[in-house]
Amino acid sequence: MGSEMNIRDKIKDNILEKLLARRGEHVSGEELAHELAVSRATIWKHIQALRTEGYMIESSTNLGYSLVSSPDRLAPAEIKSGLKTSVIGRDIRYYRETESTNIIAREIAGSVEEGTVVIAESQTGGRGRLGRKWISPEGGIWLSIIIKPKIQPLYASRITFLAGISVAKTMRSYGLPAKIKWPNDVLINGKKVCGILTEIEAEIDQIEYCVVGIGIDANVDTESFPEEIRDTSTSLKKELGGEIDRVGFVQRLLAEFEALYLEFQEDGFSSILEQWRNISATIGEWVKITTQTRTIYGEAIGVDSEGALILETGEGKLEKIVAGNCEHLRRL
Ligand code: BT5
């Protein structure tokens, strides 16, 4: 049944792609049937299915089908129409609901092209770092990008930095004052709007693949989040005062990610780091760092080439933090 479903979904997706490419025009059932090598009855069946999903498709006996409007879905065909990338997002695997897009991405990473994206409308078991939960209701953007960079595992955190910048820059293109909190949170006005979970599969000296999980509270109501994170999180909808076009956001995000990824491959990490410093919320702050073994207080004064946070802990003493939780402290 699985493969049958996939073929059916593929036809439906192809029909949608063709209607999207010719928005405002009519495409005849005969033309669609011919191009997709299926019967006109099959086309009609899929048009009906698209309608039940919320696509408004007008049909006229003489002219054929015309797409009038789309529902708020992250359908691959929608994202791909107008996507300005050459690698990232060329293959998109879409789920209405799944446990975690990172899990799916890890399962398929070995057999798909670099740049493949897994995306879901909601996750039942969204994951944060260190086994923490990531709340992922409908209306958010929950996606994982599979990349295969030729770098050592030691430098995997560079990818998290790159991803954070791509998210922050995309949000800034909507006029939002997004900043990055070390190592992996994107904040707006001090509240978390995005989390990033980078997972790798590696040999000792070379990464085999890297799954970059990005979770964005886009059109979600953070008021309905559990109490402990209600006041520390925000959404794009809340910050913009209205819903955002998620398809458009994803298109910009994937383009930013690809541009930075190419820059990283061509010029190395230093320009990425420079950009990260410029949009960092952490540099210059007094912070409390909790690692698995200790708690450290200090002023965050920089990050090094491996992405470690450099703290000045008093009397000019410097500490390097490779991994841990970071809390920004209020100055008295
Ligand atoms: C993260 O972990 O911030 C990484 C989150 C990555 C989520 C994406 S969604 C697509 C892909 N598939 C997955 O399964 N995961 C990735 P961490 O730094 O450990 O932060 C987790 C903490 O953030 C939780 O313990 C909560 O306090 C808080 N939190 C949970 N859900 C949140 C949400 N939707 N918005 C803001 N904060 C949240």
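The values are calculated or read from the model by the stated rules, or taken from the named source; none is laboratory data. Everything quoted here is computed from the prediction, not taken from an experiment. Note that we place each Cβ from the backbone using ideal geometry, even for glycine, and neighbour counts take in every protein chain shown. These accessible areas exclude ligands, DNA and RNA; they are computed on the full protein's heavy atoms, side chains included. Shrake-Rupley method; radii C 1.70, N 1.55, O 1.52, S 1.80 Å.
Answer rounded, prolate or oblate for segment 175-332, using the Cα gyration tensor with square roots of eigenvalues a ≥ b ≥ c: rounded when a/c is under 1.5, else prolate when a/b is larger than b/c, else oblate. Oblate, because a/c is 1.5 or more while a/b does not exceed b/c. Local charge for S111 was computed over the other residues whose Cβ lies under 14 Å away, with Lys and Arg +1 and Asp and Glu -1, and equals -3.
With a/c under 1.5 counting as rounded, go ahead and sort segment 128-258 into rounded, prolate or oblate using the C-alpha gyration tensor (a ≥ b ≥ c being the square roots of the eigenvalues; past the cut-off, prolate if a/b is larger than b/c, else oblate).
Taking the square roots of the gyration eigenvalues as a ≥ b ≥ c, segment 128-258 is prolate.
Estimated from the Cβ-Cβ distance and a Förster radius of 35 angstrom, the FRET efficiency linking E17 and R330 is about 0.10. Stretched out straight at 0.36 nm per residue, the stretch from T61 to E99 would grow longer than its current Cα-Cα span by 9.4 nm. Each principal axis of segment 41-116 carries a Cα extent, and these read 47, 28, 24 Å when sorted largest first.
Expressed to the nearest 5 percent, the antiparallel share of DSSP beta bridges inside the chain is 85 percent.
Within segment 2-69, all pairs of alpha-carbon atoms sorted by distance into 10 Å bins from zero give the percentages 21, 61, 16, 1. Length gained on full extension, K10 to D221: 72.7 nm, using 0.36 nm per residue less the C-alpha separation. The value for segment 183-242 of Rg(Cα) / (2.2 N^0.38 Å) is 1.45.
How much length would be gained if the chain were fully extended between A323 and L262, taking 0.36 nm per residue of separation minus their Cα-Cα distance, in nm to one decimal? Let's see the in-between values first.
Details: separation 61, 0.36 × 61 = 21.96 nm, distance 2.60 nm.
Contour length minus Cα-Cα distance gives 19.4 nm.
Helical content alone sets the calculated 222 nm signal of the chain at -10000 deg cm²/dmol, taking -39,500 (n - 2.57) per DSSP H segment of four or more residues and averaging over every residue.
Mind giving me the FRET efficiency for Q292 and T232? R0 is 22 Å, r the Cβ-Cβ distance, nearest 0.05 is fine. Could you put the intermediate results ahead of the total?
On the way: r = 22 Å, r/R0 = 1.00.
With a Förster radius of 22 Å, E is 0.50.
Based on protein heavy atoms only, the chain ends up with 49 Å² per residue of surface accessible to a 1.4 Å probe.
At an R0 of 30 angstrom, the distance between the Cβ atoms of K150 and I301 translates into a FRET efficiency of 0.45. Shape descriptor for segment 109-197: Rg over Rh equals 0.96 (Cα atoms; Rh from the Kirkwood inverse mean 1/r). Largest first, the residues D217, D205 sort by 1.4 Å accessible area into D205, D217. Average projection, convex hull of the Cα set of the chain: 19.4 square nanometres. Net charge in the neighbourhood of P137 (other residues with Cβ under 10 Å of its Cβ; Lys, Arg +1, Asp, Glu -1) is -4. Diffusion of segment 239-332 by Stokes-Einstein, at 10 °C in a medium of 1.306 mPa s and with Rh set to the Kirkwood radius over alpha-carbon pairs, works out to 102 µm²/s. Taking packing as the residue-averaged number of other Cβ atoms within 10 angstrom, the listed peptides 184-191, 151-158, 288-295 run from highest to lowest as 184-191, 151-158, 288-295.
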